[in-house]
Amino acid sequence: METTDIHSKSSTFTFENVRKFSKKTDEYFDIDHLVSREPYSQFKKWLDDVENQQIDEARIFTLATTTKSGIPSCRPLRLASIIDGEGFTFFTNYDSRKGKELEENPYAAMSFWWPSTARAIRIEGQVTKLSSAKSDDYFYSLPREMQVGTVVNVQCKRIIQNRQQLLDLKNKYSGQSQLQRPDRWGGYLLVPHTLEFFQRQHDWVSDRIRFRRLLKNDNVSSLVIDGSTTHQGDDDWVFERLAP
């Protein structure tokens, strides 16, 4: 098996290129820089920083799921909304691989990476389906061509012969005056128990701050919230700084 050395002379990789997407020493991210003692406001602040740069698709994230036996898979999706105090929503085909895995194992992780700000956010939690009414609202808010694409996605078999099959379905549904949201397509809400905010530094002594939500089965009495390493946040959250 051939192995490619990413540091070889023929590679375009350089550490200087990596540093272009890193923060300088005086641009560190620490506890004192948090905009809130709960993670939703901090998430929206970092997302706003990216969107204010007119970055296309700032809401694209990677969703990781697993089967009940622990086999993982991941894919890019688009964040639909942030519901303060509740979680993060996205929409997809219930019969897709991710939909079937979420049915088997309703826990998932989301990962956002924004090179322009040298920041990433990881989110872990439990996933539940949104109501049919909320899925309807989102579907009918989509541009017409995306509604058609959604219907084609659900109607088409997982394995197809060629692209023409997709175009035939597209032409079929494009001609309909009004489309119905497919029953097997809708929204999910990821309710987080952990969010980690990461900012990469040029020397790789990077900054990580993690929020954890105290759950009912947590042994709170054994958790030392001393204000030194573990800090009391709002709404049952605690937060702490992690090593790089």
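Tabulated values for the structure
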| item | result |
| --- | --- |
| Some residue of segment 26-46 being farther than 30 Å from residue 191 by Cβ, modelled with pLDDT of 60 or more and assigned to a helix (DSSP H, G or I) | yes |
| Flag for residue 168 being over 22 Å from the mean Cα position of the chain (by Cα), part of a loop (DSSP other than H, G, I, E, B) and of a type in the set (Asp, Glu) | no |
| Test: residue in segment 113-126 that is over 22 Å from residue 56 (Cα atoms) and either of a type in the set (A, V, I, L, M, F, W, C) or at pLDDT below 95 (or both) | no |
| Sole exception among (1) free of Cβ contacts under 8 Å to residues at least 60 places away in the same chain; (2) not in a strand (DSSP E or B) for residue 208, by number | (2) |
| Conditions (1) loosely packed, with under 15 Cβ neighbours inside 10 Å; (2) in contact with a helix residue (DSSP H, G or I) (Cβ under 7 Å, 6 or more places away or on another chain); (3) modelled with pLDDT of 95 or more; (4) not acidic (Asp, Glu): number failed by residue 72 | (2) |
| Candidate set from segment 76-129 (those that are assigned to a strand (DSSP E or B) and of a type in the set (S, T, N, Q)); member that is surrounded by the most Cβ atoms within 10 Å (Cβ to Cβ) | 92 |
| Enumeration of residues in segment 4-25 that are polar (S, T, N, Q), modelled with pLDDT under 65 and outside any helix (DSSP H, G or I) | 4, 8, 10, 11 |
| Total residues in segment 136-148, condition under 22 Å from residue 58 (Cα atoms) and buried (at least 17 other Cβ atoms within 10 Å of the Cβ) | 3 |
| Only listed residue being under 18 Å from the mean Cα position of the chain (by Cα) and either surrounded by fewer than 18 Cβ atoms within 10 Å (Cβ to Cβ) or touching a residue at least 12 places away in the same chain (Cβ under 8 Å) (or both), chosen from 186, 175 | 186 |
| Residues (more than 16 Å from residue 123 (Cβ to Cβ) and in a loop (DSSP other than H, G, I, E, B)) located in segment 47-75 | 52, 53, 54, 55, 56, 57, 67, 68, 69, 70, 71 |
| Qualifying residue in segment 205-219 (condition: under 24 Å from the mean Cα position of the chain (by Cα), more than 30 Å from residue 106 (Cβ to Cβ), among the polar types (S, T, N, Q) and at pLDDT below 95) | yes |
| Breaking point among (1) within 30 Å of residue 24 (Cβ to Cβ); (2) in contact with a Lys or Arg (Cβ under 6 Å, 6 or more places away or on another chain); (3) not aromatic (Phe, Trp, Tyr), for residue 203 | (2) |
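The values are calculated or read from the model by the stated rules, or taken from the named source; none is laboratory data. Everything numeric here is computed off the predicted structure, so don't read it as measured data. Because the Cβ atoms are built from the backbone with ideal geometry, glycine has one as well, and the counts that use them run over all protein chains shown.
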